[in-house]
Amino acid sequence: MSEDKKYYVVTKKAVPEVLLKVVEAKRLLDSEKVLTVQEATDRVGISRSSFYKYKDDIFPFHENAKGRTINMVMQMDDEPGALSEVLRTVAEYNANILTIHQSIPINGIASLTMSIEVLPTTRDLSEMIEKMESQKEIHYVKILARE
């Protein structure tokens, strides 16, 4: 893969503010709340040149994931209903579980790996992961790969 086509998954806090504003400007244009790039960039507080420089290089994770497989791992407490809640969340966001494996709990903590197919009807993956992380039994959720 050429150097300019490598992809990285980073959390929002690691992304420079200008790139987040480009994403917001694109969202405004897509939602038709504004009709021109000038209006969108004025509203979010960046220059048009910054918008054009980065517009093809940044996008919300869920927008480029449709039709892909996401592999993730999470660490969770061995509590009744914890796994059921994770599965309910995946179903709520209309994703399809391809594989799932939970380790035998050691000291009350289990690891869970899942491969999830992102369907055309799948809702925002970032929100899905945030919802999983908000469960009190979940220690962390990490994306291992996207295929």
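The values are calculated or read from the model by the stated rules, or taken from the named source; none is laboratory data. The structure displayed is predicted, hence computed values, not measured ones. Positions of Cβ are generated from backbone atoms using ideal geometry, with glycine treated the same way; all protein chains shown enter the neighbour counts. We work out accessible area using only protein heavy atoms, side chains counted, and drop any ligands, DNA or RNA first. Shrake-Rupley method; radii C 1.70, N 1.55, O 1.52, S 1.80 Å.
From K13, K53, which residue is assigned to a helix (DSSP H, G or I) and surrounded by fewer than 11 Cβ atoms within 10 Å (Cβ to Cβ)?
The conditions single out K13.
Can you tell me how many residues in segment 103-116 are surrounded by fewer than 16 Cβ atoms within 10 Å (Cβ to Cβ) and farther than 18 Å from K136 by Cβ? Give the steps one after another, and end with the answer.
Just the residues of segment 103-116 that are surrounded by fewer than 16 Cβ atoms within 10 Å (Cβ to Cβ), to begin with: 103-109, 111, 113.
Add one more test, that the residue is farther than 18 Å from K136 by Cβ, and what stays is 103-104, 106, 113.
Final tally of qualifying residues: 4.
Return the only residue of E147, E130, E117, E137 being charged (D, E, K, R) and under 17 Å from K12 (Cα atoms).
E130
Whether any residue in segment 57-75 is open to solvent by 50 Å² or more (accessible area, probe 1.4 Å) and in contact with a helix residue (DSSP H, G or I) (Cβ under 6 Å, 6 or more places away or on another chain) is what I want to check.
No, that holds for no residue.
Search segment 18-50 for residues being β-branched (V, I, T), over 18 Å from I129 (Cβ atoms) and surrounded by 14 or more Cβ atoms within 10 Å (Cβ to Cβ), and hand back the single one that is modelled with the lowest pLDDT.
Only one residue tops the list, namely V34.
Which residue pairs have Cβ atoms under 8 Å apart, sit 6 or more places apart or on different chains, and have a first residue in segment 97-126 that is without any contact (Cβ under 8 Å) to a residue 60 or more places away in the chain and farther than 18 Å from P80 by Cβ and a second that is aliphatic (A, V, I, L, M) and in a loop (DSSP other than H, G, I, E, B)?
I116/A95; E117/A95; V118/A65; V118/A95; L119/A95
Residues to consider are I97, I138, I143; find the one that is among the β-branched types (V, I, T), under 19 Å from the mean Cα position of the chain (by Cα) and crowded, with 18+ Cβ neighbours inside 10 Å. Give the steps one after another, and end with the answer.
On the way: I97 fails: crowded, with 18+ Cβ neighbours inside 10 Å; I143 fails: crowded, with 18+ Cβ neighbours inside 10 Å.
Every option except I138 fails the conditions.
Here is a check on your reading of the model: is K5 modelled with pLDDT under 75 and over 26 Å from R123 (Cβ atoms)? Break it down stepwise before answering.
Values: modelled with pLDDT under 75: yes; over 26 Å from R123 (Cβ atoms): yes.
When the stated conditions are applied, K5 passes them.
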